[in-house]
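Below: one structure, written as structure tokens.
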Amino acid sequence: MTESPGGAGAPASPPAPRSVAEGAVVELREVTGETVRAICRLEVAAEQVAFVAPNAVSFAEAYFEPKAWFRAIYADDEPVGFVMLSVDLEKPEYYLWRLMIAAGRQRLGYGRAALELIVQHVRTLPGATELLVSWVPADGGPEPFYRGLGFIPTGEIHEGEVVARLVL
């Protein structure tokens, strides 16, 4: 019998999550009654809470906003994040309202892979020519992430956040 690192009888620690570079499969999945609590339990690191609302707040906002489209982000069948779009088919305008990857699951390529899936989805929507996003302009915020993916600030500030666009 093989002992776990903690000694005899100690539970084995879960395997480290695989990165996208190591072959992790990232998917966007509908949130169901069976999965909503697990998605609500996902949290960003303490130093990031000023940059993204808790997932439970996002669900509450989505409930009252008919333009909301949201999905859970999974990597290798494990919930790792949440994404929500504002989809206005009449304008048409598509806005990345929320994107969060849980603490301990960041820097593994999941956010980038999820955003690629989101862009693929938005491209299928009528009149889609761009995807908008906004961020809080502060140290430790997501600006480098979004800029690294090609989002360019529009010059607009909305409720204190920098608005940026990705041309599709």
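Close amide-amide hydrogen proximity is noted between T154 and V163, A164, R165, each under 5 Å apart and 5 or more residues distant or on a separate chain (H modeled in the peptide plane; Pro and chain starts excluded). Database remark: amide H of L168 closer than 5 angstrom to the amide H of E130, L131 (H placed geometrically; neighbours at sequence offset of 5 or more, or on other chains; Pro and chain starts carry no H). The Rg/Rh ratio for the stretch 97-151 is 0.98, where Rg is the radius of gyration of the alpha carbons and Rh is the Kirkwood radius.
Across the stretch 88-94, coupling constants 3J(HN,Hα) worked out from phi with the 6.51/-1.76/1.60 Karplus curve, θ = phi - 60°, read 10, 6, 6, 6, x, 9, 10 Hz, and Gly and Pro carry x.
When the accessible area of the chain is split by element with a 1.4 Å probe, what percent falls to carbon and sulfur? That fraction is 53 percent.
Think of each Lys and Arg Cβ as +1 and each Asp and Glu Cβ as -1; about the Cα centre, that makes the dipole of the chain roughly 200 debye. Per residue, the accessible area of the chain comes to 59 Å² when a 1.4 Å probe rolls over the protein heavy atoms. Scanning residues 5 or more positions from V44 or on other chains, those with amide H under 5 Å from its amide H are A103, with H placed 1.01 Å from N in the peptide plane.
List the relative contact order of the stretch 66-145 as a percent without decimals, with contacts defined as Cα pairs under 8 Å and 6+ residues apart. It rounds to 23 percent for the stretch 66-145. Dividing the Cα radius of gyration of the stretch 64-159 by 2.2 N^0.38 Å, with N the residue count, gives 1.09.
Dividing the mean sequence gap of close Cα pairs (under 8 Å, 6+ apart) by how many residues the chain holds gives a relative contact order of 19 percent.
Tell me, what are the semi-axes, in whole angstrom and largest first, of the equivalent ellipsoid of the chain as set by the roots of 5 times the Cα gyration tensor eigenvalues?
Each semi-axis is the square root of five times an eigenvalue, giving 31, 17, 16 Å.
Once you have the Kirkwood Rh of the stretch 34-77 from its Cα pairs, apply Stokes-Einstein at 4 °C and 1.567 mPa s and quote D in µm²/s.
110
Counted residue by residue at 0.36 nm each, then reduced by the alpha carbon distance between them, the extension gain from K67 to R123 reaches 18.5 nm.
Among the chymotrypsin sites (Phe, Trp or Tyr not before Pro) in the stretch 38-142, those located in a DSSP loop and surrounded by at most 12 other Cβ atoms within 10 Å of their own Cβ are F64. In the chain, the DSSP beta bridges split such that about 95 percent are antiparallel, to the nearest 5.
Using a Gaussian network model of the chain whose springs link C-alpha atoms within less than 10 Å, name the residue from L99, L85, L125 with the highest mean-square fluctuation. With Cα springs under 10 Å in the chain, the top fluctuation among L99, L85, L125 is at L125.
The values are calculated or read from the model by the stated rules, or taken from the named source; none is laboratory data. Just so you know, these numbers come straight off a predicted model, no measurement behind them. Reconstructed Cβ throughout: ideal geometry from the backbone, glycine too, with neighbour counts over all protein chains shown. Remember, those area values only see protein heavy atoms, side chains included, never the ligands or the DNA or RNA. Shrake-Rupley method; radii C 1.70, N 1.55, O 1.52, S 1.80 Å.
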